[in-house]
Amino acid sequence: EKGGFEHFMLKEIYEQPKSIHDTMRGRLLPEEGIIKMAGIWDHMEKFRNAKRIIIVACGTSWHAGLVGEYLIEEFARIPVEVEYASEFRYRNPIINKDDIVIAISQSGETADTLAALKLAKANGAFIYGICNVVGSSIARLTDAGSFTHAGPEIGVASTKAFTSQLTILTLIALKLGKHNGNLSNEKFMSLCYELESLPTKVEKALKTDALVQEISEVYKDAKNALYLGRGYNFPTALEGALKLKEISYIHAEGYPAAEMKHGPIALIDENMPVIVIAPKKGHYDKVVSNVQEIKARKGQIIAVVTEGDEQVKNIADHVIEIPDCSEEFSPILASIPLQLLSYHIAVMLDRNVDQPRNLAKSVTVE
Ligand code: F6R
């Protein structure tokens, strides 16, 4: 049932070209110039009139939510807040009738996320679900929603569910932007066509596997690791660090690269591996100067860059190349080598990759 792979996690990492394709199937129709999503379309007035969108989630799904904030604000210009479900539900949050609360959950069973939604519903908000498991508690509670259709995820560490969440959030943001007039038809179309080519690019990103395995060999005994990114790839950094923590038990932190100088830079020495997500788009030049600052303090740099990159390559100890893409889609591509890095390190350390200690696939306790 692992399809020839040693672990479910690796199988699921490799399934991503297909799972992302499945998330888009029947929805992304560039030839017709549309994105079809009944959950959004049937409630377009709600979305059009929404003063605010609040995304609630936990763990990896919360990281997807952070990318969702950037996507929805960018394409649809609707203010978005992203909250840990556990914090939201216990702090007497302000919820208005014209708020839309979106829950993101692979399992659809996470207790805190479910409770946050119930609270939002009780306060009159429109509640929307992004779940992977059809028929799950969250999916049943919500007013509307979109399934990610990534297929069953068995490995406790979320991989393909995460990239499908990013894909669905991209579709939602594009659809909202198109219908509320914030996104020109030209931009909408070019992004749709690019989205269509994403599974092929993910396929290419998977080809970094052998190189990532070599890099894993070098850093497997590290006691700490730092993940840095800016903009869309700040959440990618958080997610990369979480993957390393949960399956290899190596302490790791994700940080917005610009925050380094406000404290974490003190941690850098020759023993600190720093994983920098530095694709050519967005704030590339700023990331390059962050990379220089780390090198000046002798940090070991593993950089995820756009193929053909020269600038970061000249400074970094290792570079992992991913295909060129719009900044908005780069978290999906950059996450692939980060998943592989945590996977290989965990295997080399003889960890229980699919069932890490102290963790459960769905967290139904509060
Ligand atoms: C990390 C991981 C967890 C879950 C979190 C939320 O790899 O799997 O952090 O993302 O427990 O789970 P769902 O998405 O099922 O609500």
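Please treat every number below as a calculation from the coordinates, not as lab data. All figures in this text were calculated on a predicted structure; none of them were measured in a lab. All Cβ positions, even for glycine, are placed from backbone atoms using ideal geometry, and neighbour counts span all protein chains on display.
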With N set to the number of residues, divide the alpha-carbon radius of gyration of the stretch 193-286 by 2.2 N^0.38 Å and report two decimals.
1.18
What's the exposure ranking of Met24, Met9, going from fewest to most Cβ atoms within 10 Å?
Met24, Met9
Leu141-Leu349 pseudo-label distance in nm [points 7 Å out on the Cα-to-Cβ vector]:
3.4
At a 10 Å Cβ-Cβ cut-off, how would you order Lys160, Lys2, fewest neighbours first?
Lys2, Lys160
Under 25 Å between alpha carbons, and skipping anything fewer than 8 positions from Lys245 in its own chain: which lysines qualify?
Lys2, Lys11, Lys160, Lys207, Lys220, Lys223, Lys261, Lys295, Lys298, Lys361
Loop sites in the stretch 240-337: GluC sites (Glu not before Pro), DSSP, at most 15 other Cβ within 10 Å
Glu270, Glu307, Glu310
What is the ratio of the Cα radius of gyration of the stretch 1-69 to 2.2 N^0.38 Å, where N is its residue count, to two decimals?
1.52
Considering only DSSP beta bridges where both residues belong to the chain, give the percentage that are antiparallel (nearest 5).
5
Can you work out D for the chain in µm² s⁻¹ from Stokes-Einstein, where Rh is the Kirkwood radius over C-alpha pairs, the temperature is 4 °C and the viscosity is 1.567 mPa s?
63
Once each part is reduced to its C-alpha centroid, what is the distance from the stretch 23-100 to the stretch 295-366 in angstrom?
26
At a threshold of 8 angstrom on Cα-Cα distance, excluding pairs fewer than six apart, so keeping six or more, what relative contact order does the chain reach in percent?
19
Of the stretch 195-225, those with amide N under 13 Å from the point 7 Å along the Cα→Cβ vector of Asn271 are 221-225
So for the stretch 48-155, considering every pair of alpha-carbon atoms, how many percent are separated by more than 16 Å?
53
Expressed in nm to one decimal, what extension gain is obtained for the pair Asp98 and Asp324 from 0.36 nm per residue of sequence separation less their Cα-Cα distance?
77.5 nm
Working from Cα positions, state the angle (0 to 90°, nearest 10) between the long axis of helix 111-122 and the longest principal axis of the chain.
30
Listed residue (Ser197, Val305, Ala111) projecting farthest to the positive dipole end of the chain, Cβ model
Ala111
Full-extension gain in nm, Glu81 to Glu6, via 0.36 nm per residue minus C-alpha separation
23.1 nm
Got the relative contact order for the stretch 8-105 handy, in percent, Cα pairs under 8 Å and 6 or more residues apart?
31
